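Below is one structure, written out as structure tokens; the observations come after it.
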Amino acid sequence: MPHRNGRQIIERVLLTPSRLARLLEKAKVRVTEARMDVLACLVAADRPLTHHEIAARLPQYDASTVFRGLTEFAAAEIVWRIETGESDRFFEIADFRYDGEPAVRHPYFYCVKCGELRCLREVSVQQSVAVLAGASDIEATDMLIKGRCRVCRPQA
């Protein structure tokens, strides 16, 4: 299970159904049972999920309903869409600050062999890019590091 510090766990626990509904309303996204269930699935997840994983966890909804909701949530910055360059996209509920605005995004590690996607919450994307580029005002949206995880990498 990926490491989460206490604050991220608390922030996710605080995303109650009524707060999720307010997030949708604030983003001008219609509140429906299906959308609330998709968001609840992402809040409960301990890692980013693919559209297929979410649809499998919510068999009462058509896969296209789930995908349309995810696309709308990503456009409203309620969820983060992570593109790996492979066939599946991953989705993760956005981390929110205490004022209700989305937090700064974090980098991800993607294993090119097994397809595992891991959050690297210790540092923000903007901090990472600033260190790499020596810049002070970065407007990056995501960072994906690809390689082989500990399980998949060749043993010496």
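Key figures for this structure:
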{"item": "Amide H partners (placed H, <5 Å) of Met143, local residues excluded", "result": "Tyr108"}
{"item": "Nonlocal amide H pairs with Thr84, under 5 Å, H built at 1.01 Å", "result": "Phe90"}
{"item": "Packing-based ranking, highest mean first, of 16-22, 40-46 given that Cβ atoms within 10 Å are counted", "result": "40-46, 16-22"}
{"item": "Reachable lysines from Lys113, criterion Cα separation under 30 angstrom, eight or more residues apart if same chain", "result": "Lys146"}
{"item": "Gain in span if fully extended, Ala56 to Asp88, counting 0.36 nm per residue against the direct Cα distance", "result": "10.1 nm"}
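Values quoted throughout were computed directly from the atomic coordinates according to the rules given, and no laboratory measurement underlies them. Since the structure is predicted, the reported quantities are computational estimates derived from the model, not experimental observations. Note that each Cβ is placed from the backbone with ideal geometry, even for glycine, and that neighbours are counted across all protein chains shown.
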